[in-house]
1. List the relative contact order of region 15-84 as a percent without decimals, with contacts defined as Cα pairs under 8 Å and 6+ residues apart.
2. Would you calculate the separation in nanometres between label points at Glu99 and Arg74, each defined as 7 Å from the Cα along the Cα-to-beta-carbon direction?
3. With the chain treated as a Gaussian network of Cα nodes joined by springs under 10 Å, which of Arg20, Arg83, Arg74 yields the largest mean-square fluctuation?
4. Show me the chymotrypsin sites (Phe, Trp or Tyr not before Pro) within region 59-117 that DSSP assigns to loop and that have at most 13 other Cβ atoms within 10 Å of their Cβ.
5. Using only Cα atoms, tell me the angle between helix 98-114 and the longest principal axis of the chain; keep it within 0 to 90° and round to the nearest 10.
6. How far is it, in nm, from the label point at Glu66 to the one at Arg89 when both lie 7 Å from their Cα along the line to the Cβ?
7. Sort out the exposed loop GluC sites (Glu not before Pro) in the chain (DSSP loop, at most 16 other Cβ within 10 Å) and tell me the longest stretch that has none.
8. Taking N as the number of residues in region 29-80, what is its Cα Rg relative to 2.2 N^0.38 Å?
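Quick note: the coordinates plus some simple rules give every number you see, no bench work behind them. Model, not experiment: these values are computed from the prediction. As a convention, Cβ positions derive from the backbone with ideal geometry for all residues, glycine included, and neighbour counts pool all protein chains shown.
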Amino acid sequence: MAQVDRRGRRKLTPPPSHRRNKEKAALLYDEIDRNPLFRGTVEKEDRSLMNICFVMAEGCEELAPEFMEFAKSRGMVGIKGHRLVGGFRASCYNALPKESVEALVACMQEFAEAHKK
């Protein structure tokens, strides 16, 4: 049964895919914010659920090519950022399973563990 407001109008609820997309984005953004090797390129209030951009943190920029190769060796493809901006971009469209985001997060954690200072 559809929910209605006080005036009898039907309330629209987001589709289930929206909830899943928010979960996937939160998983990756939480890792970007937590991991000392990475930083997001967009202010928190402007972050996208679909295209999640990030770079190596200040002082770790030289690790970017190494991370790209490391990620590729772990099966991550298509995360290279814009050719002019650089960095990385994870596209989390509707069809992407949560397990793929979990795999990228695990890859980032493993890379960070290998590069602890």
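1. On the way: 43 pairs, mean separation 16.5, N = 70.
After rounding, I find 24 percent.
2. If labels sit at Glu99 and Arg74, their model points lie 1.7 nm apart.
3. Looking only at Arg20, Arg83, Arg74, the biggest GNM fluctuation is shown by Arg83.
4. For chymotrypsin sites (Phe, Trp or Tyr not before Pro) across region 59-117 that sit outside H, G, I, E and B with at most 13 neighbouring Cβ atoms in 10 Å, the list reads Tyr93.
5. Taking Cα atoms only, the helix is inclined about 30 degrees.
6. 2.6 nm
7. Details: sites that count: Glu43, Glu58.
For GluC sites (Glu not before Pro) (loop position, at most 16 other Cβ atoms within 10 Å), the longest site-free span of the chain is 59-117.
8. Details: Rg = 11.5 Å, N = 52, 2.2 N^0.38 = 9.9 Å.
Cα Rg divided by the expected 2.2 N^0.38 Å: 1.16.
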